[in-house]
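No value in this document is a laboratory result; all are computed from the given coordinates. Keep in mind it's a predicted model, so treat the numbers as computed, not measured. Ideal geometry is used to build each Cβ from the backbone, glycine not excepted, and the neighbour counts take in all protein chains shown.
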Amino acid sequence: MLFARSVLAIGVSVSALLISLTLDRLFAPLPPALQFIVQIPLLVLIIDEFRRLVLKHATRFGLTDADVNGTFFFAAPLAAFGAQSLFKDLRRSVL
């Protein structure tokens, strides 16, 4: 089970980062407010659908719902890290 949790943690973290980077590059040309309104909800929905998919198959690998949900919770900072252009634009707008 430790092996399955480790693979899940790495897979989810890398996936969250790649999804976030992709969305950030895709929506970077938009104005910051519109980018925020579109990119963040889309990121949340994609990651949640991925989580639901993993939950359907988790028991095959001896993983509990808590294992899966915890892994996705801890991958959230990587998703935020991937949204660099969005946060750079927001920082410029606030300061």
Where Gly62 falls short, out of the listed (1) within 17 Å of Ala4 (Cα to Cα); (2) without any contact (Cβ under 8 Å) to a residue 40 or more places away in the chain: (2)
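For every residue, the table says whether it meets (1) touching a residue at least 40 places away in the same chain (Cβ under 8 Å); (2) in a helix (DSSP H, G or I); (3) farther than 21 Å from Gly82 by Cα; (4) not acidic (Asp, Glu).
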position	(1), (2), (3), (4)
Phe3	no, yes, yes, yes
Ser6	no, yes, yes, yes
Gln35	yes, yes, no, yes
Leu45	no, yes, no, yes
Lys56	no, yes, yes, yes
Number of positions in region 49-69 that are of a type outside the set (Ser, Thr, Tyr) and either crowded, with 16+ Cβ neighbours inside 10 Å or touching a helix residue (DSSP H, G or I) at 6+ places or on another chain (Cβ under 8 Å) (or both): 12
Verdict on Pro77 being farther than 26 Å from Arg5 by Cα and either under 16 Å from the mean Cα position of the chain (by Cα) or acidic (Asp, Glu) (or both): no
Residues within region 8-30 that are in contact (Cβ under 8 Å) with a residue 24 or more places away in the chain and not in a helix (DSSP H, G or I), tallied: 1
